[in-house]
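Participant: Take this structure, written in structure tokens, and hold onto it; I'll ask about it next.
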Amino acid sequence: MPDLQAIVDEIHEKLQPRLGEGKVADYIPQLAHVDPKKFGIAIIDVDGQNYKAGDADVPFSIQSVSKVFTLTLALGKHGETTWNRVGREPSGSAFNSIVQLEHEEGKPRNPFINAGAIAVSDLVLAGHTPREAIGEIVRFVRYLADDDTIAIDPEVAKSEHATGYRNFALANFMRSFNKLTHPVEHVLGVYFHHCALAMTCTQLARSGLFLAASGRNPLTGHTVVSRQRARRINALMLTCGHYDGSGDFAYRVGLPGKSGVGGGILAVAPGKASVAVWSPGLNNHGNSLLGSLALEMLAHRTGWSVFGP
Ligand code: GLU
């Protein structure tokens, strides 16, 4: 194993002069007011060793990174029938695009664009009230991270709701194609709340560790999903995890990853480690600019890649 602490320290140091680059999401005040110079990185390897640098223990809004966890829950509840409701193809369009949804009659391309994650929220709601479904998601993430302090930021959830015109449009559109089974308000209640989960890089890296370790969380010994399902979730993260920037991320980093507009990215080096980075400034695809760069540096220094040794 390479000296991971030395590597994260080096990445942190090299990026110092660039902190603040990129554009912080400003569609809600809670994101607009985040210090653009924050930067954190945390790695947990499959032996449970932890390496971190910068603001790795400062909570931030994980936003769309949460879509990995809701997809995992939906697959657990509905198995392969999940794919009757949402596709598995990269979208090649923006995270909140509505155009494609019309062509494809309300079946979203993949579970990581907004429309797809809204369909997944509908699946997680099955048999629950919105409050129960949100509780189930929080409990699941706490179980994954083995950390009961993880919570939703209610102010972020409220702002997401207040400004969520486009998500309402997407959900109503799907409902018009009979592609949602619950009321739009309920489905979006679940969606806005899981996007509002606040987590640190350390917590996020712990939550993603099962994906790096064939479905089993080595910290707790719990089998979360089968080996095959872990591989498949990783495949979706690789192909769809960065919206229309997924190809570029695969080229530069070579690892499955999922980004969020809060500036977080969860990346998985299968058989090696789970990595979370956070830097609020985004590139023009809505993915963390320095977070992507940090992961590119990490992949380069460790040699980690799903494409070859
Ligand atoms: N809550 C955000 C939205 O639906 C999530 C977007 C993201 O993280 O990419 O607009």
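The values are calculated or read from the model by the stated rules, or taken from the named source; none is laboratory data. Small disclaimer: the values here were computed from a predicted structure and weren't measured. Every residue, glycine among them, receives a Cβ derived from its backbone with ideal geometry; neighbour counts consider all protein chains shown. Quick note on the areas: whole protein, heavy atoms, side chains included, nothing else; ligands and nucleic acids left out. Shrake-Rupley method; radii C 1.70, N 1.55, O 1.52, S 1.80 Å.
Participant: Among the lysines, which have Cα under 16 Å from the Cα of Lys272 when same-chain residues fewer than 8 positions away are ignored?
Facilitator: Reachable lysines: Lys52.
Participant: Tell me the relative contact order for the stretch 74-163 as a rounded percent, counting alpha carbon contacts under 8 Å between residues six or more apart. Kindly include the intermediate steps, with their values, before the conclusion.
Facilitator: Details: 68 pairs, mean separation 19.2, N = 90.
Once normalised by length, the contact order is 21 percent.
Participant: So what does Glu21 come to for accessible area, using a 1.4 Å probe and Å² rounded to 10?
Facilitator: 70 Å²
Participant: Shifting gears a bit: If a/c stays under 1.5 just call it rounded; otherwise compare a/b with b/c (prolate if a/b is bigger, oblate if not). Do that for the stretch 151-197, with a ≥ b ≥ c from the square roots of the Cα gyration tensor eigenvalues. All intermediate terms of the calculation are to be shown ahead of the outcome.
Facilitator: Working: a/c = 3.31, a/b = 1.94, b/c = 1.71.
Prolate shape, in that a/c is at least 1.5 and a/b is the bigger ratio.
Participant: Taking the 0 to 90 degree range and rounding to the nearest ten, how far is the long axis of helix 154-163 tilted relative to the main principal axis of the chain, both from C-alpha atoms?
Facilitator: Helix 154-163 sits roughly 60 degrees off the main axis of the chain.
Participant: Give the relative contact order (percent, whole number) for the chain; include only Cα pairs under 8 Å separated by 6+ residues.
Facilitator: On the way: 654 pairs, mean separation 81.6, N = 309.
About 26 percent, as a whole number.
Participant: Non-local amide H neighbours of Ser214 (under 5 Å, H modeled in plane, Pro and chain starts lacking H): which ones?
Facilitator: Sorted by chain and number, the residues that satisfy this are Gly271.
Participant: Roughly how tilted is helix 114-125, in degrees to the nearest 10 and between 0 and 90, from the longest Cα axis of the chain?
Facilitator: 70 degrees
Participant: Contour minus end-to-end for Arg252 and Glu21, with contour as 0.36 nm per residue of separation and end-to-end as the Cα-Cα distance?
Facilitator: Numbers: separation 231, 0.36 × 231 = 83.16 nm, distance 1.86 nm.
Extending this stretch completely gives an extra 81.3 nm.
Participant: Still on this structure, please answer the following. In straight Cα distance, which aspartates and glutamates are under 18 Å from Lys23, not counting same-chain residues fewer than 8 positions off?
Facilitator: Here the aspartates and glutamates satisfying the reach criterion relative to Lys23 are Asp35, Asp244.
Participant: Next question, about the same structure. Compactness ratio of the stretch 62-203: Cα Rg over 2.2 N^0.38 Å, N = residue count?
Facilitator: The value comes to 0.97.
Participant: Taking amide H positions as placed 1.01 Å from N in the peptide plane, with prolines and chain starts having none, which residues 5 or more places from Glu104, or on another chain, fall under 5 Å of its amide H?
Facilitator: Amide H neighbours of Glu104: none.
Participant: Under the rule a/c < 1.5 gives rounded, and otherwise a/b versus b/c splits prolate from oblate, where does the chain land using the Cα gyration tensor? Kindly include the intermediate steps, with their values, before the conclusion.
Facilitator: On the way: a/c = 1.55, a/b = 1.37, b/c = 1.13.
Judged from the Cα gyration tensor, the chain comes out prolate (a/c at least 1.5, a/b above b/c).
Participant: May I pose another question? On the full set of protein chains, 1.4 Å probe, figure out the accessible area of Arg166 and give it in Å² to the nearest 10.
Facilitator: Using a 1.4 Å probe on the heavy atoms, I get roughly 120 Å².
Participant: Continuing with this model, one more query. Using 0.36 nm per residue, how much length does the chain from Asp57 to Ile98 gain when fully extended, once their Cα-Cα distance is taken away? If you can, show how the numbers build up before the last one.
Facilitator: On the way: separation 41, 0.36 × 41 = 14.76 nm, distance 3.59 nm.
Fully extending the segment from Asp57 to Ile98 adds 11.2 nm.
Participant: Just the number please: accessible area per residue for the chain, 1.4 Å probe, all protein chains included, in Å².
Facilitator: Numbers: 12270 Å² over 309 residues.
Solvent-accessible surface per residue comes out at 40 Å².
Participant: Let me ask you something else. Net charge near Arg206: determine it from the other residues with C-beta under 9 Å of the C-beta of Arg206, scoring Lys and Arg +1 and Asp and Glu -1. Write out the running numbers ahead of the final one.
Facilitator: On the way: positive: none; negative: Asp146, Asp147.
Around Arg206, the surrounding residues sum to -2.
Participant: How far is helix 184-195 tilted, in degrees, relative to the longest principal axis of the Cα atoms in the chain, given as a value from 0 to 90 rounded to the nearest 10?
Facilitator: That works out to roughly 10 degrees.
Participant: Once you have the Cα-Cα distance between Asn84 and Ser226, take 0.36 nm times their residue separation minus that, and quote the gain in nm to one decimal.
Facilitator: Values: separation 142, 0.36 × 142 = 51.12 nm, distance 2.06 nm.
Stretched out fully, the Asn84 to Ser226 stretch lengthens by 49.1 nm.
Participant: Give me the percent of accessible area attributable to carbon and sulfur for the chain, probe 1.4 angstrom.
Facilitator: Carbon plus sulfur share of accessible area: 51 percent.
Participant: What relative contact order, as a whole-number percentage, does the stretch 234-309 give when Cα pairs under 8 Å and 6 or more residues apart are counted? Spell out each step's value before the answer.
Facilitator: On the way: 132 pairs, mean separation 20.6, N = 76.
Reported relative contact order: 27 percent.
Participant: Determine the shape class of the stretch 61-109: with a ≥ b ≥ c the square roots of the Cα gyration tensor eigenvalues, call it rounded for a/c under 1.5, and otherwise prolate if a/b is greater than b/c, oblate otherwise. Could the numbers behind the result be given before it?
Facilitator: Working: a/c = 2.69, a/b = 1.23, b/c = 2.20.
Judged from the Cα gyration tensor, the stretch 61-109 comes out oblate (a/c at least 1.5, b/c at or above a/b).
Participant: Right, something else. HN-Hα J couplings of the stretch 216-231 from phi, Karplus 6.51/-1.76/1.60, θ = phi - 60°, integer Hz, Gly and Pro as x?
Facilitator: 10, 7, x, 6, 10, x, 7, 8, 8, 9, 6, 4, 5, 5, 4, 4
Participant: Between their Cα atoms, which of Lys37/Lys77; Lys38/Lys107; Lys14/Lys258; Lys38/Lys258 are more than 28 Å away from each other? Show your work: numbers first, answer last.
Facilitator: On the way: Lys37/Lys77 40 Å; Lys38/Lys107 37 Å; Lys14/Lys258 23 Å; Lys38/Lys258 19 Å.
Correct reply: Lys37/Lys77; Lys38/Lys107.
Participant: Scan around Ala56 for amide H atoms under 5 Å from its own, H built in the peptide plane at 1.01 Å from N, and keep only partners 5 or more places away or cross-chain.
Facilitator: The answer is Ile41.
Participant: Using θ = phi - 60° and the Karplus relation 6.51 cos²θ - 1.76 cosθ + 1.60, list the HN-Hα couplings for the stretch 284-291 in order, rounded to whole Hz, with x at every Gly or Pro.
Facilitator: The phi angles translate into 6, 9, x, 10, 4, 5, 6, x Hz.
Participant: As a test of reading the structure, rank Glu104, Glu136, Glu155, Glu13 by solvent-accessible area (1.4 Å probe, protein chains only), most first. Mind dumping the intermediate values first?
Facilitator: Details: Glu104 65, Glu136 40, Glu155 90, Glu13 135 Å².
The ordering from most to least exposed comes out as Glu13, Glu155, Glu104, Glu136.
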